[in-house]
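K.L.:
Starting off with a structure, shown below.
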2 protein chains.
Amino acid sequence: MYNLESIEQRLAEQGYRITPSRLAVVEATLEHSGHFSVDDILGRLPGVGRATVFRTMKLLSQMGILCRVLLENGSLRYRVSHRRDHHHHLVCVSCGSVEELDACIAAGAIDNLARSTGYDIEGHWLEFYGRCGPCRSGEA
Amino acid sequence: MYNLESIEQRLAEQGYRITPSRLAVVEATLEHSGHFSVDDILGRLPGVGRATVFRTMKLLSQMGILCRVLLENGSLRYRVSHRRDHHHHLVCVSCGSVEELDACIAAGAIDNLARSTGYDIEGHWLEFYGRCGPCRSGEA
DNA sequence: ATACGTGCAAAAATTTTGCAAAGTA
DNA sequence: TACTTTGCAAAATTTTTGCACGTAT
């Protein structure tokens, strides 16, 4: 799990400066257990400029600290990612929490798919949607 | 496969009027073998207003004639869909053509996933990306 | 001193909305 | 006639860009 310090360290390792704005954005993202939009972060940081939030979130994404989550309606959100390798998400449509799934169920099917379609398959995007245990029991 | 007439008929069946603008939008979408954006359609129809194109494409989506395709970079496109039931896409990153895949490889994994996560899984989004046969052979 | 990073404001890009005018049944 | 649809323009979103000013090395 990330904390402020470990991210500071990674920024430094990769030659990026550690600045108050960046730390503020990082802190704000770490407060979210699920997914969030750029606007969610912006709203929590009145002193930080729009552009800085966009730039910082792009930077964190490139570093693998954030990753994008596709919602069912097609809009894109971010989430703090604890896995740098290939993974998928299971998003709770009720509370917005996100599970990271290590097993890639698409991997096994790709060879067959390549054979039957004649495509060379280079990638895929997969998200699952549902209700988490707490949300299921908390509601009638 | 759709043609202009079959879509006219479905519009009529569902109580929508058949108008020149709508037919123009339908024709423009049918010309695309792969995916396209609202702007692609707008650009081909100088006489038709922005709002009308947006409204018509939303309407066609609700009717199941168009469906949305997620590109690797996260942007959403449309495509003419010939399957009204659950399916996925295999998108050629080179020429933009799209195969519709009838087999849902996610289906088998969902029970296991539900058991291991405690989620009630209600849906998923899956897109594949690759290069189609013609694009593979046409390029060095 | 030199590079990098920031905030602001303006610009772009994308989608939605209000409404009077036009079209359709 | 009564209702739907259109085009336009304005508004609302969302993201990017330019740039002068600040900050770290």
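K.L.:
Restricted to the range A:35-67, and to residues that are within 14 Å of another protein chain (Cβ to nearest Cβ) and near DNA strand D (Cβ under 10 Å from one of its atoms), which residue is nearest to B:Cys67 (Cα to Cα)?
P.N.:
A:Ser37
K.L.:
To continue, here is another question. Please specify each residue of the range A:93-135 satisfying the condition of being among the acidic types (Asp, Glu) and either within 7 Å of chain B (Cβ to nearest Cβ) or in contact (Cβ under 8 Å) with a residue 60 or more places away in the chain (or both).
P.N.:
Passing the criteria: A:Glu99, A:Asp120, A:Glu122, A:Glu127.
K.L.:
Assess whether A:Val26 counts as being within 29 Å of B:Leu71 (Cα to Cα) and either of a type in the set (Val, Ile, Thr) or free of Cβ contacts under 8 Å to residues at least 24 places away in the same chain (or both). Steps first, please.
P.N.:
Working: within 29 Å of B:Leu71 (Cα to Cα): yes; either of a type in the set (Val, Ile, Thr) or free of Cβ contacts under 8 Å to residues at least 24 places away in the same chain (or both): yes.
Criteria met by A:Val26.
K.L.:
Among the residues of the range A:6-52, which ones are outside any helix (DSSP H, G or I) and within 13 Å of DNA strand C (Cβ to nearest atom)?
P.N.:
Correct list: A:Gln14, A:Gly15, A:Tyr16, A:Arg17, A:Ile18, A:Thr19, A:Leu45, A:Pro46, A:Gly47, A:Val48, A:Gly49.
K.L.:
Return the residues of the range B:61-105 that are in contact with a Ser or Thr (Cβ under 8 Å, 6 or more places away or on another chain), among the acidic types (Asp, Glu) and surrounded by fewer than 19 Cβ atoms within 10 Å (Cβ to Cβ); say none if nothing qualifies.
P.N.:
Residue satisfying the conditions is B:Glu100 alone.
K.L.:
Say whether the condition of being touching a strand residue (DSSP E or B) at 6+ places or on another chain (Cβ under 7 Å), in a loop (DSSP other than H, G, I, E, B) and charged (D, E, K, R) is met by at least one residue in the range A:72-86.
P.N.:
Looking for residues that are touching a strand residue (DSSP E or B) at 6+ places or on another chain (Cβ under 7 Å), in a loop (DSSP other than H, G, I, E, B) and charged (D, E, K, R), one finds at least one in the range A:72-86, hence yes.
K.L.:
Of the numbered conditions (1) away from DNA strand C (no atom under 16 Å from the Cβ); (2) over 28 Å from A:Arg131 (Cβ atoms); (3) of a type in the set (A, V, I, L, M, F, W, C), A:Val80 fails exactly one; give the number of that condition.
P.N.:
Among (1) away from DNA strand C (no atom under 16 Å from the Cβ); (2) over 28 Å from A:Arg131 (Cβ atoms); (3) of a type in the set (A, V, I, L, M, F, W, C), the lone unmet condition for A:Val80 is (2).
Each reported figure results from applying straightforward, stated rules to the coordinates on display, with no laboratory input. The structure presented is a predicted model; accordingly, all values stated were derived computationally and were not measured. Please note: Cβ atoms are built from the backbone with ideal geometry, for glycine as well, and neighbour counts cover all protein chains shown.
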